[in-house]
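Enquirer: This structure is in structure tokens; I'll ask about it shortly.
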Amino acid sequence: MARRPRPQLVTLTDAAAERVEEIMAEKGAGYLRVGVKNGGCAGMEYVMDYVEAPADLDEIVEDKGVKIVVDAKAVLFLLGCTVDYETTMLHEKFVFGNPNQTDACGCGESVTITPAVAG
């Protein structure tokens with residue numbers, strides 16, 4: 001039996017890919033690492049950090065010519081997520097479009113995420 005293709009873990013919009021490329025050019029080396037952590041009034045928060053190298057079980061995602069690292073503990077929470085970069089008159093920030101997100105707090109800083117079901 002043939003295996004079905006593995007879905008893309010995380011995708012980047014053109015704006016997000018461009019911003020990641022800019023950040024990595026400023027740093028000169030390393031990766032942008034995406035994950036989630038417990039916190040906030042809705043239960044979880046998205047996190048992004050700069051790392052020199054991926055951890056042993058982290059996933060490396062390449063999209064639109066840039067590479068990011070996804071924290072191994074966040075894979076089921078971020079499966080199918082699209083990362084965008086939004087610029088308005090008041091802010092510039094990465095925005096997560098996550099099909100696994102079921103709720104968010106009023107301030108938008110924390111979210112409720114149900115892990116994706118493998119299968």
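Enquirer: The stretch 39-71: which GluC sites (Glu not before Pro) are DSSP loop and have at most 12 other beta-carbon atoms within 10 angstrom?
Expert: 52
Enquirer: For an R0 of 25 angstrom, estimate the FRET efficiency from the Cβ-Cβ distance between residue 53 and residue 92 and round to the nearest 0.05.
Expert: 0.40
Enquirer: Once every DSSP H run of n ≥ 4 in the chain is given -39500 (n - 2.57) and the sum is divided by its residues, what mean residue ellipticity at 222 nm do you get, rounded to the nearest 500 deg cm²/dmol? Walk me through the intermediate numbers first.
Expert: Working: 2 runs with 18 residues, N = 119.
The per-residue figure over the chain is -4500 deg cm²/dmol.
Enquirer: Just 32, 78, 90 to compare: in a GNM of the chain, with alpha carbon springs under 10 Å, which one fluctuates most?
Expert: 90
Enquirer: If you don't mind, another one. If R₀ is 30 angstrom, what is the calculated FRET efficiency for the pair residue 60 and residue 102, using the beta carbon separation as r and rounding to 0.05?
Expert: Computed FRET efficiency for residue 60 and residue 102 comes out at 0.65.
Enquirer: Could I ask something else about it? Over the stretch 56-119, what is the relative contact order in percent, taking alpha-carbon pairs closer than 8 angstrom and at least six residues apart?
Expert: Averaging sequence separation for qualifying contacts and normalising by length gives 24 percent for the stretch 56-119.
Enquirer: I've got another one for you. Counting Lys and Arg as +1 and Asp and Glu as -1, what is the net charge of the other residues whose Cβ lies under 9 Å from the Cβ of residue 11?
Expert: Working: positive: 64; negative: 63.
Neighbourhood net charge equals 0.
Enquirer: Okay, moving on. Report for the chain the percent antiparallel among DSSP-assigned beta bridges with both residues inside it, nearest 5.
Expert: 80 percent
Enquirer: Residue-wise, which Karplus ³J(HN,Hα) couplings in Hz belong to the stretch 81-87, taking 6.51 cos²θ - 1.76 cosθ + 1.60, θ = phi - 60°, and x for glycine or proline?
Expert: In residue order, the calculated couplings are 6, 10, 9, 10, 10, 10, 10 Hz.
Enquirer: Oh, and also: Rounded to the nearest whole Å², what accessible area per residue is found for the chain with the 1.4 Å probe?
Expert: Details: 7530 Å² over 119 residues.
So the chain comes to 63 Å² accessible per residue, rounded to a whole number.
Enquirer: Amide H of residue 58: which non-local residues (sequence gap of 5 or more, or other chain) have their own amide H closer than 5 Å, using H built in the peptide plane?
Expert: 72
Enquirer: So, one more: Over all directions, what mean area does the Cα convex hull of the chain project, stated in square nanometres? Don't skip to the answer; put the middle values down first.
Expert: Working: hull surface 34.7 nm².
Answer in nm², one decimal: 8.7.
The values are calculated or read from the model by the stated rules, or taken from the named source; none is laboratory data. All values reported here derive from a predicted model rather than from experimental measurement. With ideal geometry, Cβ positions are generated from the backbone for all residues, glycine too; neighbour counts draw on all protein chains shown. Each accessible area value is taken on the protein alone, full model and side chains, heavy atoms only, with ligands, DNA and RNA left out. Shrake-Rupley method; radii C 1.70, N 1.55, O 1.52, S 1.80 Å.
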